[in-house]
Amino acid sequence: VKDSICIGNDTLFSDENFCIIAGPCAVEDEQSLIATAELLRKHNVRMLRGGVNKMRTSPHSFQGLGESAAKMLNNVAREYGLYSVSEITCINEIDLIERYIDIALVGTRNMQNTPLLKELGKLQKPVILKRGMASTVQEWLLAAEYIRLGGNPQIILCERGIRTFEQCTRYTLDLASAVFVSQNYPYLVITDPSHATGNSSLVPPMVLASRAAGVNGCMIEIHLSPQTALCDGEQMLDFIQFEKLIEKLEGLQ
Ligand code: PEP
Ligand code: MN
């Protein structure tokens, strides 16, 4: 049996249940974040994600609202009894995470940022370590070792899609590797079908597949109005799509 990841008395990740993290790609405004929090509460989803500082491929793309987004995420999470999940993009943001974020996320582009991983070893909060888009499982596990050896055992691994020759999806969800890691290593493993597929119509089937495959949860991007989202609109579920997916997951229990 693997160690659960808890905050206070709340068990957020464990071998026994399939946990969901949901929220927009980036925090955009308070109103839509509140609507998202209400939706999560309604369905007993405990973790609200939202990007604060975004690592965008293009410098012309929306970069995130920074500290004001972190404050907003924290306020809304507290108000609705949720836990906040957000990416730390560089060492300078440790203070921001300490102050406003419950669960730190290491994005795919930082999986081998070893100074950052060492710093997260000292953090007394859970860390979700995403797999590098061009990293092997072995490299991913070694990256996790940096955090663990630094003194932080609260690590969740997240398969978010890898680069392959295939172009019909944004990345390729390497579900078999996620299951391999889950079966052979002590870490809890989740998947991120949103970034892996880049396509909202592929997200529900890949969430259901992840659940059937026995991984420990999924991170899902959702938005009040994906068409007008400031980033990753093509992969975000709207609220109705999300509710349908949650109903399907509940039907499996
Ligand atoms: C994210 O989850 O906000 C994100 C940027 O994902 P990735 O690092 O997997 O691209
Ligand atoms: Mn995104």
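The values are calculated or read from the model by the stated rules, or taken from the named source; none is laboratory data. Keep in mind that this is a model prediction, so the values were computed, not measured. Here the Cβ is made from the backbone with ideal geometry for all residues, glycine too, and neighbour counts use every protein chain on show. These area figures cover heavy atoms from the full protein model, side chains too; ligands, DNA and RNA do not enter into them. Shrake-Rupley method; radii C 1.70, N 1.55, O 1.52, S 1.80 Å.
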ask   = Between Leu149, Leu40, Leu224, which gets the highest mean-square fluctuation from a Gaussian network model of the chain, Cα cutoff 10 Å?
value = Leu149
Area of Arg46 that stays accessible when all protein chains are in place (1.4 Å probe, Å², to 10) = 80 Å²
task = Kindly identify the stretch 94-249 as rounded, prolate or oblate by the Cα gyration tensor criterion: order the square roots of the eigenvalues as a ≥ b ≥ c, call it rounded if a/c is under 1.5, otherwise compare a/b with b/c, prolate if a/b is larger, else oblate.
result = prolate
task = Collect residues whose amide H, placed 1.01 Å from N in the peptide plane, falls under 5 Å from the amide H of Asp29; neighbours closer than 5 in sequence don't count.
result = none
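Just the number please: accessible area per residue for the stretch 1-155, 1.4 Å probe, all protein chains included, in Å².
Details: 6850 Å² over 155 residues.
Counting only protein heavy atoms, the per-residue value for the stretch 1-155 is 44 Å².
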ask   = For the chain: lysine pairs with Cα atoms under 27 Å, gap of 8 or more or different chains, count?
value = 22
request  = Please find, in a Gaussian network model of the chain (springs between Cα atoms separated by less than 10 Å), the residue of Ala209, Ala70, Ala22 whose mean-square fluctuation is greatest.
outcome  = Ala209
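Note down the magnitude of the dipole of the stretch 24-181 about its Cα centre, charges +1 on Lys and Arg C-beta and -1 on Asp and Glu C-beta and zero elsewhere, to the nearest 20 debye. Display every interim value, and only then the final one.
Numbers: 19 positive and 17 negative charges, 41 e Å.
Rounded to the nearest 20 debye, it is 200 debye.
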key: Highest-fluctuation residue, Gln183, Gln112, Gln154 considered, GNM on the chain with Cα pairs under 10 Å   = Gln183
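Roughly how many percent of the accessible protein surface of the stretch 155-227 is carbon and sulfur, given a 1.4 Å probe and a whole-percent answer? Numbers along the way, then the final one.
Details: 1590 of 2790 Å².
Roughly 57 percent, rounded to a whole number.
State the percentage of accessible surface on the stretch 1-88 attributable to carbon and sulfur atoms; use a 1.4 Å probe and exclude ligands, DNA and RNA. Intermediate values should be presented prior to the final figure.
Numbers: 1720 of 3990 Å².
C and S atoms contribute 43 percent here.
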task = Would you mind pulling out the separation of the Cα centroids of the stretch 56-126 and the stretch 185-224, in Å?
result = 20 Å
